[in-house]
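Just below is one structure, and these are the notes that go with it.
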Amino acid sequence: MNPVHPKKLLNSKWTASKPVNKLKHFSVCQVEYDEDQKVSLCILRAEYNAEELAIDWRQLKDPTLWRQGWV
């Protein structure tokens, strides 16, 4: 399990275990919180072409989907 804290998501770097739309390297470019300070939106930006992808931030904890850092 990848250690992920919702307050430290912004600007963190991630590598997709399986390419997403032929892209592997992403960074978190936007995080929004609701009134209870829970993450309501997490957007990843591809480093290659700046394509954006909205995901559930809890998916980043799954090592079969994502690895922390650019590997």
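Read the figures in this text as sums done on the coordinates, not as results from a lab. Nothing here was measured: the structure is a model prediction, and the numbers come from that model. Virtual Cβ from ideal backbone geometry, glycine too; neighbours counted across all protein chains shown.
Tabulated results
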| item | result |
| --- | --- |
| Cβ-Cβ under 6 Å pairs, at least 6 apart or on other chains, the stretch 17-40 side over 18 Å from Gly69 (Cβ atoms), far side acidic (Asp, Glu) | Ser40/Glu32; Ser40/Asp34 |
| Tally of residues being surrounded by 12 or more Cβ atoms within 10 Å (Cβ to Cβ) and farther than 13 Å from Ser12 by Cα across the stretch 30-39 | 2 |
| Inter-residue pairs, beta-carbon under 8 Å, first closer than 9 Å to Ser17 by Cβ and in the stretch 56-71, second among the aromatic types (Phe, Trp, Tyr) and surrounded by fewer than 12 Cβ atoms within 10 Å (Cβ to Cβ), 6+ apart | none |
| Residue ID - surrounded by the fewest Cβ atoms within 10 Å (Cβ to Cβ), chosen from residues in the stretch 1-19 that are touching a Ser or Thr at 6+ places or on another chain (Cβ under 9 Å) and of a type in the set (Lys, Arg) | Lys18 |
| Flag if Arg67 is of a type in the set (Lys, Arg) and in contact with a Cys (Cβ under 8 Å, 6 or more places away or on another chain) | no |
